[in-house]
Amino acid sequence: EAGVAQSPRYKIIEKRQSVAFWCNPISGHATLYWYQQILGQGPKLLIQFQNNGVVDDSQLPKDRFSAERLKGVDSTLKIQPAKLEDSAVYLCASSSTGRFGYTFGSGTRLTVV
Amino acid sequence: GQQLNQSPQSMFIQEGEDVSMNCTSSSIFNTWLWYKQEPGEGPVLLIALYKAGELTSNGRLTAQFGITRKDSFLNISASIPSDVGIYFCAGPLFRDGSARQLTFGSGTQLTVLP
């Protein structure tokens, strides 16, 4: 089975610019997650989707971050405007309903300068 | 909130040695998972544990679900260079009384010296 696809792999932007990340989960996985992983830390959840609905976005900095999963398949995560502290790896993961064995993508490494 | 504390933070071992690492929480977990992350990649699931006291193996890896349900252990026997990476424990985070998503520890960085 194909894995979770993410693009781009790397992105360097200046602070106050905007950036978008894309994720295509494993086919048939209803649940999609976006995690932020700062260097030296474990992944931290930003937002969770169940099909095309948001289950939990309590840890998403909504003043600058937004995410959507319009057709219940692929998803985009946007940051506007970016800050230096947004430099991190953004990981997308998907899972079948009710299972915790997530499959992660390779991530997008964002550097804000 | 639910936090997972992993130790040690980093380990340097000789090839062929056995490795032990652990994860503790102030809250009870009913599921423990162990992931490995290699440079430039996302975490990959190694072992999942669903019952207190459970001992599960995956090749040279063995993980245990602590009987207090507040800790878990991961052992790697006869380490090899490809064991290098960051090992994360993870457990379900409960919000509003229902498990929603995984929370991760801060990781144990393993380096295997030839």
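The values are calculated or read from the model by the stated rules, or taken from the named source; none is laboratory data. Note that the coordinates shown come from a computational prediction; the quantities given were computed from them, not determined experimentally. For the accessible areas, the whole protein counts, side chains as well, though only heavy atoms, and no ligand, DNA or RNA atoms are used. Shrake-Rupley method; radii C 1.70, N 1.55, O 1.52, S 1.80 Å.
Couple of notes before you dig in:
- Relative contact order (percent, whole number), chain B, Cα cutoff 8 Å, 6+ residue spacing: 35 percent
- Estimated buried accessible area (total), pair A and B, 1.4 Å, Å² to nearest 100: 1500 Å²
- Counting Cα-Cα pairs of the protein assembly as shown in 5 Å increments starting at 0 gives whole-percent bin shares of 1, 7, 14, 18, 19, 17, 12, 7, 4, 1, 0.
- Lys-Lys pairs in the protein assembly as shown that are eight or more residues apart or on separate chains and whose Cα atoms lie under 16 Å of each other come to 9.
- Rg/Rh for chain A, where both radii come from Cα atoms and Rh is the Kirkwood radius: 0.95
- Where N is the number of residues in the range A:6-64, Cα Rg divided by 2.2 N^0.38 Å: 1.25
- Burial of 30 Å² or greater, the range B:40-83 residues [accessible area, probe 1.4 Å, versus chain by itself]: B:GLY40, B:GLU41, B:GLY42, B:PRO43
- Geometric extent, Cα atoms of chain B - Rg, Dmax (angstrom): 13.8, 48
- Chain A: relative contact order in percent, alpha carbon pairs under 8 Å with at least 6 residues between: 37 percent
- Å² per residue, accessible surface of the protein assembly as shown at 1.4 Å: 48 Å²
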